[in-house]
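The values are calculated or read from the model by the stated rules, or taken from the named source; none is laboratory data. Computed from a prediction, not measured in an experiment: that's the story for all the values here. In this analysis, Cβ positions are derived from the backbone assuming ideal geometry, glycine residues included, and neighbour counts consider all displayed protein chains. Calculation scope for accessible area: heavy atoms of the full protein, side chains included, ligands and nucleic acids excluded. Shrake-Rupley method; radii C 1.70, N 1.55, O 1.52, S 1.80 Å.
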Amino acid sequence: TFLKTIAVSLVMTIFLILWTLLLIIPGIIKSFSYAMVPYILKDQPDVKVLDAITQSRKLMDGNKWRLFKLMFSFIGWILLIPLTLGFAIFWVGPYLEVAISRFYDDIKEKYMRDQEFYQNFFENPEESFKEMFEKTYQICKEGLEEVYAMKNANQSTKGQDGHFLKQLMHYYIRNKEF
């Protein structure tokens, strides 16, 4: 696995240099696309180098901005490192690694759930639609009950139809299950 780690680092560096030759921004975007490769190799030690890079690209599709925001949230901690003559790296490094590994676990779980849904959908589309509509119905029913309770409790919202729909949409977004 040590040689595979070196090979992956070499291949990723070559790819990033080639992307950066186009312009700086594509290189930065691709660095976020390849960010999950070490975690994939840890989870699946038998995967090939190029397959790990491909899996990372698939995982990061739609998640690059989330990772950027996560890493940007550590800017204060990273600026603290030189102020402490490098001693803060002993706290900031593990903290950042744990945050990124949790991010990996989160996107991997979502990706696996989506893959399972699509596989089930293509095997049995009628049952998948039925399940999806049942979940949507249940969410809307609970949302309507909650919004009606809020509307009855708060008389100041009477006559504001747009407010009612807005509350329903907030409830739906907050409790979205799929």
Can you give the FRET efficiency for Arg102 and Leu50, using 1/(1 + (r/R0)^6), R0 = 22 Å, r = Cβ-Cβ distance, to the nearest 0.05? 0.25
How far, in nm, would the chain grow between Lys130 and Ile24 when pulled straight, counting 0.36 nm per residue and subtracting the alpha carbon separation? 33.5 nm
In segment 1-147 the accessible area split gives carbon plus sulfur, as whole percent at 1.4 Å, a share of 68
Simple SL model, points at 7 angstrom along Cα→Cβ for Cys140 and Ser31; separation in nm is 4.7
Provide the per residue accessible area, probe 1.4 Å, for segment 1-96, rounded to a whole number of square angstrom. 69
How far, in nm, would the chain grow between Lys42 and Trp91 when pulled straight, counting 0.36 nm per residue and subtracting the alpha carbon separation? 15.4 nm
Cα Rg over Rh - segment 1-142, Kirkwood: 1.08
